[in-house]
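Please treat every number below as a calculation from the coordinates, not as lab data. Remember, it's a predicted structure, so these values are computed and weren't measured experimentally. Glycine gets a Cβ as well: all are built from the backbone with ideal geometry, and neighbour counts include every protein chain shown.
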Amino acid sequence: MTNLRFVTIILFGAIALFMTGCATADSNTAGGTSEAAIQKDQGSTPLYREFGDVLIPSEMDPVPDSSFIYSTSGFTAGVLTIKGRVDTESLIAFFENNMAKDNWKMVSVFKSPKSIMMFRKETRWSVINIHEETFNTYAEIWVAPTAGNSDLLK
């Protein structure tokens, strides 16, 4: 008889614990956004990294072994390689929109399995090479001075 009481108490305790867990989960989702959703939204803010006027999606991480950045006072050039699990078309749209916001003029876009985007400013060029591999999409962001401004690198 004591075994039956013990099993009954454990069973009711488990049901009560299960019901409490469900109520907590419902209050997080039904009452608005959960903490995880808020943190995800805060973490999804695009960033300016090495180049102060090229916005990088937060879903993309730098690949240091494939990057080279050269900085002098007032000027930065080089290549920044980034990778992440993003769709190529959405990445192209991201750069089309955000480069224009930072006063880059689009020169041309080649959309293919290896897409290339070219932008220019008064004293600089930027070439963005985008391609997909098995698990990630990669973007190489090249920024260089125009031929008449190569003295910026001296």
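Per-structure values
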{"read-out": "For segment 45-153: relative contact order, % (alpha-carbon pairs under 8 angstrom, 6 or more apart)", "value": "23"}
{"read-out": "Using θ = phi - 60° and Karplus 6.51 cos²θ - 1.76 cosθ + 1.60, couplings along segment 47-55 (whole Hz; Gly, Pro as x)", "value": "10, 8, 9, 4, 8, x, 10, 10, 6"}
{"read-out": "Cut-off 16 Å, label 7 Å out along Cα→Cβ of Thr123, residues of segment 129-144 by amide N", "value": "143-144"}
{"read-out": "Backbone HN-Hα couplings from phi across segment 109-118 [Karplus 6.51/-1.76/1.60, Hz, Gly and Pro as x]", "value": "9, 10, 9, 7, x, 10, 8, 10, 10, 10"}
{"read-out": "Relative exposure of Lys114, Lys83, Lys101, judged by other C-beta atoms within 10 Å (fewest first)", "value": "Lys101, Lys114, Lys83"}
{"read-out": "Loop chymotrypsin sites (Phe, Trp or Tyr not before Pro), segment 78-154 (other Cβ atoms within 10 Å of the site Cβ: 12 or fewer; DSSP)", "value": "Phe135"}
{"read-out": "Cα pair distances in segment 45-153, grouped into 10 Å bins until the bin that holds the longest one, percent each", "value": "15, 50, 30, 5, 0"}
{"read-out": "Rg over Rh, two decimals, segment 61-118 (C-alpha only, Kirkwood Rh)", "value": "0.99"}
{"read-out": "Distance (nanometres) between label positions extended 7 Å along Cα→Cβ at Glu89 and Asn136", "value": "2.4"}
{"read-out": "Pair Ile69, Thr45: separation of 7 Å Cα→Cβ label points (nm)", "value": "1.8"}
{"read-out": "Given charges at beta-carbon only (K, R positive; D, E negative), |dipole| of segment 66-114 in Debye", "value": "100"}
{"read-out": "Ranked Ser58, Ser90, criterion: other C-beta atoms within 10 Å, fewest first", "value": "Ser90, Ser58"}
